[in-house]
1. Of the heavy-atom accessible surface of segment 272-393 (probe 1.4 angstrom), what whole percent is carbon and sulfur?
2. Arrange the peptides 71-79, 156-164, 306-314, 334-342 so that the one whose residues have, on average, the most other Cβ atoms within 10 Å appears first.
3. With springs only between Cα atoms under 10 Å, which of V207, V168, V143 fluctuates most in a Gaussian network model of the chain?
4. Test of understanding: in a Gaussian network model of the chain with alpha carbons linked when under 10 Å, which of V300, V52, V231 would top the mean-square fluctuation ranking?
5. How high is the relative contact order of segment 203-242, in percent, with contacts defined as C-alpha pairs under 8 Å that are six or more residues apart?
6. Hey, what number do you get for the chain at 222 nm if only DSSP H runs of n ≥ 4 count, each worth -39500 (n - 2.57), divided across all residues, to the nearest 500?
7. So with the 1.4 Å probe, I'd like the accessible area per residue for segment 272-393, rounded to whole Å².
8. Which whole-percent values make up P(r) of segment 272-393 when all C-alpha to C-alpha distances are grouped in 5 Å steps starting at zero?
Amino acid sequence: QFTTRVVSCRAAELRPEGGGEPVRGFQVVLEDTILFPEGGGQPDDRGLIGDVPVLRVTRRGSEAVHFVPAALEPGAEVLLSLDWERRFDHMQQHSGQHLISAIAEQMFGFKTTSWELGRQRSVIELDTPLVTAEQVMALEKSVNEKIRDRVPVTVRELAADDPEVETVKSRELPDDHVGPVRVVDIKGIDSNLCCGTHVSNLSDLQVIKLLGVEKGKKNKTNLVFLAGNRVLKSIEQSHSTEKALTSLLKSGPGQHVEAVRRLQSSVKLLHKNNMNLLRDIAVLIARDFKSKPAPRQLFVLHRKEGDSEFMNIVANEIGTEETLLFLTVGDEKEAGVFLLAGPVEAVENLGPRVAELLGGKGAGKRGRFQGKATKMSRRGEVQALLQEFVSRQNPEA
């Protein structure tokens, strides 16, 4: 917590991080703050000004701007409270990134070009097209050895024109930077120009887990990692999943993969058998229709079970040169799929109207129009439309 004073408060809008309508509120500047504004790859802090929640903190030159939902009186003394759990998480991830980047460069010459502190995991972009599994294992072992060595992490400030600034690793200062610069030192390992928040000793990181690598931008590799409490949360989540799978699969964790493989094989076999049965049913339906003494010019069929292949088999077996077919598959009260097949001109004319009535979308070519439907209950309206069309084409039908 920190006691300070409100300097200014003005109406503003905030666009939510996940998108959506802007939130109306106020931008508040304080005499000083303990809330970190977003920057350097690290998200901003959260907290309270009095009992008013701080929804975002950004930097404007030398000022930290706090977005809050309620107005605050300029000149008023306020108590600023920090969301420590969020701050400490960011400290662990950011110091973890410095350590990983430094060791990766020392061991393999991999330079860090950027990084992102994500909500679930963090990513370091390395300037190399390839990082092997063996290198990831060696890097993870080395960074955790440094954590166990309890290496101190210190912060010092230098004047922006101090010659020593040129000797410290940096991605250059922002154009609107004012005042001294901060240097974060991991004793004997790294010295880096950084505005972010950090632990005071590597032992506060607890542990680092490298989750692996992903293909990055051109000739770059993304290294994914967790640090500190995020590792513990990940283990807890994995353990909960493991317990659930043990109950469902009736086997121990060591047999889970094999049990799932057996289930997948069974499902594939069942799906194959099911498709064969559906094909047989489709052929029988078509033959029954064609065996009638006076074939109708409109054929309508709905099934709860089936798919697009089933509908196309029915259409192929019946033939679409003279018959107009309207086929649907799915639950009456939910979404499904449909197929309109028949003479090319009729389908081109009726297809979009059928899709509109069913509340869906579709596309067609060569006498077939098929797509998805959200209003299967309106099949009766489609059938009436098609019946009217057929009657106009052949009044004697």
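The values are calculated or read from the model by the stated rules, or taken from the named source; none is laboratory data. Predicted model, so just to flag it, every value in this text is computed and none were measured. Note that we place each Cβ from the backbone using ideal geometry, even for glycine, and neighbour counts take in every protein chain shown. Calculation scope for accessible area: heavy atoms of the full protein, side chains included, ligands and nucleic acids excluded. Shrake-Rupley method; radii C 1.70, N 1.55, O 1.52, S 1.80 Å.
1. The value for segment 272-393 is 48 percent carbon and sulfur by accessible area.
2. Ranked by mean Cβ neighbours within 10 Å, highest first: 334-342, 306-314, 71-79, 156-164.
3. V168
4. V300
5. Reported as a whole number, the value is 38 percent.
6. -12000 deg cm²/dmol
7. Per-residue value: 57 Å².
8. 2, 12, 23, 24, 21, 13, 4, 1, 0
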